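Here the structure comes first, spelled out in C-alpha cells, and everything after it is commentary.
Bear in mind that the values in this text are calculations on the coordinates, not laboratory data. Computed from a predicted structure; not experimentally measured. Here the Cβ positions follow ideal geometry from the backbone for every residue, glycine too, while neighbour counts run over all protein chains shown.
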Amino acid sequence: MDSIVKIPIDQLYPHPDNPRKNLGDLSELAESIRAKGIMQNLTVIRGRRGTDEEIAQIVKLAGTLSDDNELERNALAEIQQQIENRWVATGYTIIIGHRRHAAAKLAGLTELPCVIVDMDPREQMQTMLIENMQRSDLTKFEEAQGFQMMLDLGTPVEEIAEKTGFSETTVRRRLKWMELDPAKFKKATEDHQISLGDLDRLSQIEDLNSRNECLDKIGTNDFDMAVQKAIQKQEVDRNLPKVKEWLKKIHAKKLKDSERWSSSYDQIGGTLYLEKWGEPGNLPKEGIAEEPVFYWLGSNSYEFNQLRLYHEHKKAPPVKRSQEEIEKDKAVKAAWGKIESMASDAHSLRKKFIDGFKVTRKNEPQVMYGAVLAGCYNGINYNAPDRMEFYRLAGMTDTGYIPDREEKFFTGLTKIPEEDMAKLVYAMFGDNPISSAWGTRSSFPGFQKNWKLEIIYKWFSLLGYKISTEEAKLLKEDSGLYGDPELYGRGEEDGEV
C-alpha cells in the first residue's frame, strides 16, 4: 500500500488537463474541512506543467550542454523531454482530489495528506476521467473532451470504453461531438438542458458548418426546424448529381424560368422533390422520354429542392402574355409555394412530436383535454379524421370493405398501449400539411384563421411542444405571407414572399 505523506498546499497544483473544468460550489466542503479536516488523501504525481518563463529557462540551460560526454548527453535527453512535455520537476500535480484541494485552500489549510504515484500521461488522463465519471461530475462536453484527450494520447476506442464503463457506441458518439465548434458546444451545454437525442440528431448532419449553425439553435424552439432543413439540404445535395445524370440520359433540355410560366409547355405529373428522389411516389412517370422532355430545376423561393418536367404544349397555340402578367404569375406561385412548403415542414414536426410522445400518469389530464377539444371541434365542424392513421394504429393493412372490418378494427384499437393513446387523439383532428391560406392559385394567398391548427398547438403546448418561429408565422395574418405584397405594402424585403 502506498504511504501517505503531508505536502505543503502551495506545492500542489491542479492538473491542467483535468476533464472537470468547473469544480462547483466549494463553500459547504470548505466548512466541513475546516471543522473535521481532510478525511481522504489526494493522489498526486511528481512535477507539474511549467510556465512559459520556466520552460524558456530550461531551453536556455539546454543550450549550454553538449553531447561530448555521456553525463551531459543523458542530462540533455532528460531536459529535452521536459521541454517537449512542458514539465518541471518542482511541486506535485493532483490526479485525484481537485475539489478537496480547492476547498482546503478556502478553509485555510497549509498542508494536505497525499499519496505519490507514478503515471504516464495516458494513465493520468484515464484516472481523472474515470474518477469524475464515477461521481457523475462531468458535463457532456467534459466527457467528450476527456474521451478526445485519451484518444489523442493513443488510447483506442475499445480501451476507452473498457476503462470508463461506457459502450463503444457511446464513446464514438461523444467523439463525434468533438467535431463541433468547441466554444459553441461548451456554451450550448452550459446555457441549455440538452438531451442526448438532440446531440445525436446533430451528428446526422454531415456538413460541419451546417452542424455548427444548428448548434446555435439547440435548446430553442427553432432547433427541430433547423435540423430538419439541414438534413433536407443534405439529401438534396446528395441526390442532385443523380438527378442531373438522369436528365442527361433522357436528353432533357432545361427551360428558362420565363418559359415554364408560359403556355408553351405542359407539366408532366407533379413536382418531384430532390431530397426524396427515387422513393415511391417521387419517381418520374414511365415512358416519359418517348418525346422531347424539358425540365426546370430549382426552388419555389423557399427551398432549392424541386424538379418539374414538361412536354411541349401541342393542343393550342401559345397565348401571348405580357411580361407583367408573367411576373405576377411567378410571384403568386412563389407565394403559394412558400406557404405550402412551410406548412408541410410544420406538419412533419407535429407528426414527429406526437409519434415520439408517451402518455404517463402525470400527463394523462393533458391528453384527455386534447381528446375533448378534438371531439368538440368535430361536433361543430365538418372535419375528416385521419382514417388511414386509425387503421395503421389498429394494425390493419387491408382498409377496404371486409365482412368483419369493425371487429378487427376495434379489436386492434384495444391492443394499442396506453402510452400511445395520444396518437389516436391526434388522428381525430385529421391534421394535414395544409396551411391556413385560402383563395385560388391564380391570386395571392389570403389569410383565414385556422382554428384546427390553433387548437392543436394549444393542446401540444400543454404536452411540452415548443412552436418554432416559422410555424408561428403561418398562424398570423400580419406575418408577410398573405395577400398581395404591393396592395398590402409588403414586398420581398418586408414580407419575404
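Things worth noting here:
- Relative contact order of the range 336-495, pairs being alpha-carbon contacts under 8 Å that are 6 or more residues apart, as %: 30
- Phi angles across the range 249-266 convert, under the Karplus curve 6.51 cos²θ - 1.76 cosθ + 1.60 with θ = phi - 60°, into 3J(HN,Hα) values of 5, 8, 6, 6, 10, 7, 8, 6, 4, 5, 5, 6, 7, 7, 8, 7, 9, 10 Hz, Gly and Pro given as x.
- Taking other C-beta atoms within 10 angstrom as a stand-in for reagent exposure, HIS251, HIS313 fall in the order HIS251, HIS313, fewest first.
- An ellipsoid equivalent to the range 233-320, defined through the eigenvalues of its Cα gyration tensor, has semi-axes of 23, 15, 11 Å when rounded to whole angstrom and sorted largest first.
- Spatial extent of the range 219-367: Rg and Dmax, with the Cα atoms as the point set, Å: 19.5, 67
- With Cα atoms, 0 to 90° folded angle of helix 168-177 axis to the chain main axis: 80
- In the chain, the DSSP-assigned H stretches of four residues or longer account for a calculated mean residue ellipticity at 222 nm of -15500 deg cm²/dmol, using -39500 (n - 2.57) per stretch and the full residue count as denominator.
- Order of LYS60, LYS229 under a 10 Å beta carbon neighbour criterion, fewest first: LYS60, LYS229
- In a reduced charge model with +1 at each Lys and Arg Cβ and -1 at each Asp and Glu Cβ, the range 260-391 shows a dipole moment near 360 debye about its Cα centre.
- Helix 70-85 and the longest principal axis of the Cα set of the chain meet at an angle near 40°.
- Rounded to 5, the percent of DSSP beta bridges in the chain classed as antiparallel: 80
- Derived scalar couplings between HN and Hα for the range 39-54 equal 8, 9, 5, 8, 10, 9, 10, 6, x, 7, 6, x, 7, 4, 5, 5 Hz in order, rounded to whole Hz, by the Karplus curve 6.51 cos²θ - 1.76 cosθ + 1.60 (θ = phi - 60°), x for Gly and Pro.
- Rounded to 10°, Cα long-axis angle of helix 451-462 versus longest principal axis of the chain: 20
- Residues of type aspartates and glutamates that LYS415 reaches as a straight line, Cα spacing below 13 Å, ignoring anything fewer than 8 places off in the same chain: GLU407
- Among LYS248, LYS423, the ranking by other beta carbons within 10 Å of each residue's beta carbon, starting with the fewest, stands as LYS248, LYS423.
- With contacts taken as Cα pairs under 8 Å at a separation of at least 6 residues, the chain carries a relative contact order of 11 percent.
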